[in-house]
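What follows is calculated from the coordinates using simple rules that are stated; it is not laboratory data. Because the structure is predicted, anything quoted here is derived from the model rather than measured. Here the Cβ positions follow ideal geometry from the backbone for every residue, glycine too, while neighbour counts run over all protein chains shown.
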Amino acid sequence: MDASQTPPNCFQDVILRLQAYWAAQGCAILQPYDMEVGAGTFHPATTLRALGPNHWAAAFVQPSRRPTDGRYGENPNRLQHYYQYQVIIKPSPPDFQDLYLGSLAAIGIDASMHDIRFVEDDWESPTLGAWGLGWEVWCDGMEVSQFTYFQQVGGHDCAPVAGELTYGLERLAMYVLGADHVMDMPFNDPASAIPLTYGDVFRQAEQEYSRWNFDQADTAMLFQHFEDAEAECGRILAAPADDPKTGRAIIMVQPAYDQCIKASHLFNLLDARGVISVTERQAYIGRVRALAKRCADAFLETEAGGKAA
Amino acid sequence: MPDLLIELLSEEIPARMQTRAADDLRRLVTEGLVEAGLTYAGAAGFATPRRLTLAVEGLLAASPAVREERKGPRADAPEQALQGFLRSTGLAKEDLEARETPKGEVWFAVIEKPGRPASEIVAEVLEATVRSFPWPKSMRWGSGGLRWVRPLHGILCVLSDEAGTEVVPLEIDGIAAGDRTVGHRFLAPDEFSVLNFDDYTTKLKKSKVILSAEERAEHIWADAESAAFAQGLEVVEDRGLLAEVAGLVEWPVVLMGAIDDGFLELPAEVLQTSMREHQKFFSIRNPKTGRIEKFVTVANTEAADEGATILAGNRKVLAARLSDAKFFWENDARAVRSHGLKGMAKPLEQVTFQHELGTQAERIARIAALAREIAPMVGADAGEAELAARVAKADLASEMVYEFPELQGVMGRYYAKVEGLSDAVAAACEEHYAPLGPSDTVPSQPVSVAVALADKVDMLTGFWAIDQKPTGSKDPFALRRAALGVIRIVLENDLSLSLDQFFDAGLLSHKIAINQPEAAAEDKEALNDILQDIAEHGVFGAAVRTIRGNVGEGFVADIVKAVPDKSLDLLEFFHDRLKVHLRGEGMRHDVIDAALEMPGSDDLLRVVHRARALQAVLETEDGENLVQGFRRANNILQQAEEADGVEYSYGPEVKLAEVDAERDLFKALDQARSKISKALETDDFSVAMGAMAELRGPIDGFFEAVQVNSENEILRRNRLNLLHLIRDTCGQVADLTRLEG
């Protein structure tokens, strides 16, 4: 099972080993979704593919943005832009826990030396109308992954049930590599001709985005974009399935879902700007959830959603 | 007789659900077995993070055969009746017996139910139990339809006796029962088979699993204590955490580590809370300094390096957590040093307490005004009480309390000291929330008492003003707890307070605040006049004057007139809570009712003193007989008053007394009344009740010697007036007519 006897020596080594490990387990190694999302769960390969009867196995890195977590690159482990590693397998395999533990071994976490625990943590995404049961996985007292059996997405029961793993890559890699500050962590091989740290790659970006997220983002524009995304999502889904040009039935779920993702991220930006009051918050979350629900409903009408062609 | 062993092996069960689940498994399976006729000698349920186990001892090997006889219709009854009987018994006509009875020939059915082997019954009962198990939350997994708390992997189900072990044949959603299980996930993952419960626990232990949660907890506690003791330290007791941690490990390994020096200056409560909430660590205290210096973590495995890697990892995570806590502590302290707690409280102007009741800042202002006026009644300095109320909730706006809500009040105390405020004010920041539960300590410091009372009264009158009092099991704002808090503060501090004025004042100020924004201009002016009156004459005085004064008709009057009814309703709510509280102390409910009937029942201390005096006397023979005598006097008097349509309240005349017993009663009443009135001047209800109890002899003597309803109308009237005097005399501490008996 051990992919390599030597422990990883840099951030990208951790990622590459996870990619190799899950590829060996038969997962399709997808690339990140090309939109701003708050978590890997938003990737259509997770949210939409968790719906319907079709089997599915995928793994991918997903850059994730949490505007409120920006700390100008100064906090040792808080970032407004970070990476998640997602594994999604439907139906969840009976040895999913063992497969997961194998992935830890692949990145140098040896269960005979560490204390690995599955601690109750029920997952819920109010914006996606999704929930599942599972754990946060602790390694020596640190949360290294989220382990979830999806029960519902967009208000629909998941059958079969998808198993989802989310690794917080920076935190996990920092632990494996023994780095105390995320910016000091080697990004590529420290022995390379041009060794780069995480800070070399991202410190400046963290500063720039922190300023923009907290103080500069044009809130009137963001509110308008939210309205636009919401309207476009609704419009696309309301369009008749029959495409006059090709003469086929084409439901535009993914374009609509893109708008839902957009609305969700715009809400996060507005939240970071502190312009959404406590009472309005729930209303905005409810509006995004309504979009996610409609996308889920529509996906179930498509071939990928299990509808017979 | 065979023993039964069941183990349900799954992925990790949430710690908080394990104890209950082990108990449910035992209850549901044993109930099912008994219902099917399988009795047993004993049963015990166990839980670890991965397994639920049930051991049943001395089970019947088979359910007993049952023979049931049922009487049917007469032999000559219509065919329809016979068919109905056959349907209900499931028999054919030739199976029936016709028997001679006094009523003629009657059909009888004899139904024989053969016994069934235990394994058949166990299989049915276990499957039904698994399929309907009452998990607080359950899930599906893979492609299956079965629900369990987390994916279920294995079922071990065996019956064993001297002859051997038998696997109970059973399959649930593709999981077949067997006699095999596995050990610890990392230390002993191999499968093994078991013969019976003893064999099971022994092999589990060899496979690094301690089955019993109590045993795991004991083990953790003993190891933690000895590790601490070896270094002259002690473990901070935390039973909740111990139970939780025992549910996270199958093979507990206690590791003790040091907290980095840079964090030792943090308040002990901050260290403890951060370590418990985030890391599930026990705190290790130095008894000499009272400081938290180390931590204990409980690993689920024996590592090759004796846990050095695990401990190092845990220390690192803790350091990251405590850096956050230290950052909050330093930021908060800096904010307090530059702007004071009042400055810290500023953001509370933007925080809604409840949408009709305004912001936290508005609530704080009301509490401060009330605390100022309560202060002199509880021996506190008015200015100090007001200041304490103004700063007591400031920590709700601190970074530390935002992160750890359970530290509210505690941080206020620390930050008050940072600002250099008095010990009394600092203590009030923490204590004004108390008592939080029936066993929580009640504040006794005058400033804390004033703020605690003001806080709770504001809360209760606020929710009464907007008609949100608790109903049934719904009490989202914990108003019952707040009322009980007031009751305990008043009683345990011996405070004689008239609560009516608090209620009136609180309700009036809430009503004004709620209605003012939407009032018309001239009404606004009238409401402002009331507020002006409050500013000049204090909350209590102005509230009472306004409510009792002539407010005419219209908008303002409607607001003001609503107060007395609500005030009365709130007092009744307090009386109900008081009854519950006193019943918990063993007070008779009719005694409490008798005390509550007396005027001034908004002074709860007086109510309780009345009730205690009455209860004490009722426990004596004199007291009990006095009540009999009183009841007799009252009954005769009531009947006469009803029949005659008059009240016999003229003073009786001793010169009309006929016999000695009657004259004795006059004398005794005279003496008792003077003793009682003297005692009541100082609210000494015990002495007053004692004086009443002395009347028992004379009253008994009077009824023995004299007929009240004499033929002589003058004598009769005089005696009825005498009975009235008895009733009047005996009703001065409590309303004895409320006593049951």
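Can you find, among A:Gln80, A:Pro240, A:Cys158, the residue farthest towards the positive end of the dipole of chain A? Put +1 on the C-beta of Lys and Arg, -1 on that of Asp and Glu. Going by the Cα projections, it comes out as A:Pro240. With just the Cα atoms defining each centre, how far is the stretch B:209-243 from the stretch A:39-70? Give it in Å. What the calculation gives is 42 Å, centre to centre.
3J(HN,Hα) along the stretch A:104-111, derived from phi through the Karplus expression 6.51 cos²θ - 1.76 cosθ + 1.60 where θ = phi - 60°, amounts to 5, 4, 5, 9, x, 9, 8, 5 Hz, with x in place of Gly and Pro. Modelled spin labels at B:Glu619 and B:Gln350, positioned 7 Å past Cα toward Cβ, are 5.9 nm from each other. Total lysine pairs in the stretch B:338-483 at Cα distances under 27 Å, for residues eight or more apart or on different chains: 13.
Using C-alpha pairs under 8 Å with a sequence gap of at least 6, the mean separation divided by the residue count of the stretch A:73-201 gives a relative contact order of 25 percent.
When shorter helices are ignored and each DSSP H run of at least 4 residues is given -39500 (n - 2.57), the per-residue value for chain B at 222 nm works out to -17000 deg cm²/dmol. Here A:Lys245 and B:Lys206 are evaluated by their C-beta separation; at R0 = 56 Å the FRET efficiency comes out at 0.20.
Determine, from the Cβ-Cβ distance of B:Ala478 and B:Arg67 and an R0 of 41 Å, the FRET efficiency 1/(1 + (r/R0)^6), rounded to the nearest 0.05. Don't skip to the answer; put the middle values down first.
Working: r = 59 Å, r/R0 = 1.44.
Efficiency computed from Cβ-Cβ geometry: 0.10.
May I ask for the angle, rounded to the nearest 10°, between helix A:219-238 and the longest principal axis of chain A, with both axes built from Cα atoms and the value confined to 0 to 90°? So the helix axis and the longest Cα principal axis differ by about 60 degrees.
Qualifying GluC sites (Glu not before Pro) in the stretch B:247-347, where qualification requires a DSSP coil assignment and no more than 16 other C-beta atoms within 10 Å, comprise B:Glu265, B:Glu302, B:Glu306.
Computed from Cα atoms, the angle from the helix A:253-272 axis to the main principal axis of chain A rounds to 70 degrees.
At 0.36 nm per residue, and after removing the present C-alpha to C-alpha distance, how many nm does the segment from B:Ala521 to B:Arg663 gain when stretched out fully?
Working: separation 142, 0.36 × 142 = 51.12 nm, distance 7.14 nm.
Extra length from B:Ala521 to B:Arg663 when fully extended: 44.0 nm.
Shape verdict for chain B, please, from the Cα gyration tensor: rounded (a/c under 1.5), prolate (a/b greater than b/c) or oblate. In terms of gyration-tensor shape, oblate. Taking trypsin sites (Lys or Arg not before Pro) across the stretch B:264-302, the ones in a DSSP loop with at most 11 further Cβ atoms lying within 10 angstrom of their Cβ are B:Lys288. With contacts taken as Cα pairs under 8 Å at a separation of at least 6 residues, the stretch B:578-682 carries a relative contact order of 13 percent. Classify the stretch B:299-457 as rounded, prolate or oblate from the Cα gyration tensor: take a ≥ b ≥ c as the square roots of its eigenvalues, call it rounded if a/c is under 1.5, otherwise prolate when a/b beats b/c and oblate if not. Prolate, since a/c reaches 1.5 and a/b exceeds b/c. Taking Cα centre as origin and charging only the Cβ of basic (Lys, Arg, +1) and acidic (Asp, Glu, -1) residues, the dipole magnitude of the stretch B:276-395 rounds to 300 debye. Projecting the Cα atoms of B:Gly701, B:Leu656, B:Gly584 onto the charge dipole of the protein assembly as shown (Cβ charges, centred on the Cα centre) puts B:Gly584 farthest toward the positive pole. Chain A has equivalent-ellipsoid semi-axes of 33, 26, 17 Å, by the square roots of 5 times the alpha carbon gyration tensor eigenvalues, sorted largest first.
How big is the gap, in Å, between the Cα center of the stretch B:288-348 and the Cα center of the stretch B:666-741? One Cα centre to the other: 70 Å. As a length-normalised measure over Cα pairs under 8 Å and 6 or more apart, the relative contact order of chain B settles at 7 percent.
Among B:Leu720, B:Leu396, sorting on how many other beta-carbon atoms sit within 10 Å of each Cβ, with the fewest leading, yields B:Leu396, B:Leu720. Highest mean packing first, where packing is the average number of other Cβ atoms within 10 Å per residue, the peptides A:203-214, B:510-521 line up as A:203-214, B:510-521. Once the Cα-Cα distance is subtracted from the 0.36 nm per residue extended length, the B:Phe108 to B:Asn635 segment shows a gain of 183.5 nm. Ordered by the count of other Cβ atoms within 10 Å of each Cβ, fewest first, A:Tyr100, A:Tyr72 give A:Tyr72, A:Tyr100.
Rounded to the nearest 0.05, what FRET efficiency do A:Arg71 and B:Thr737 give with R0 = 60 Å and r taken as the Cβ-Cβ distance? Could you check? Between A:Arg71 and B:Thr737 the formula returns 0.25.
Please give the charge dipole size of chain A, origin at the Cα centre, charges +1 on K and R Cβ atoms and -1 on D and E Cβ atoms. Round to the nearest 20 debye. Before the final figure, lay out each step's value.
Working: 22 positive and 40 negative charges, 154 e Å.
It works out to roughly 740 debye.
Extension gain, B:Lys655 to B:Thr289: 0.36 nm times the residue separation minus the Cα-Cα distance gives 123.7 nm.
With the Cα gyration tensor of the protein assembly as shown giving a ≥ b ≥ c as the square roots of its eigenvalues, does the rule (a/c under 1.5 for rounded; else a/b larger than b/c for prolate; else oblate) give rounded, prolate or oblate? Here the protein assembly as shown falls in the oblate category. Antiparallel DSSP bridges in the stretch A:1-96: what percent, to the nearest 5? Antiparallel bridges: around 85 percent, rounded to the nearest 5. Summing Cβ point charges (Lys, Arg +1; Asp, Glu -1) relative to the Cα centre of chain B gives a dipole of roughly 1180 debye.
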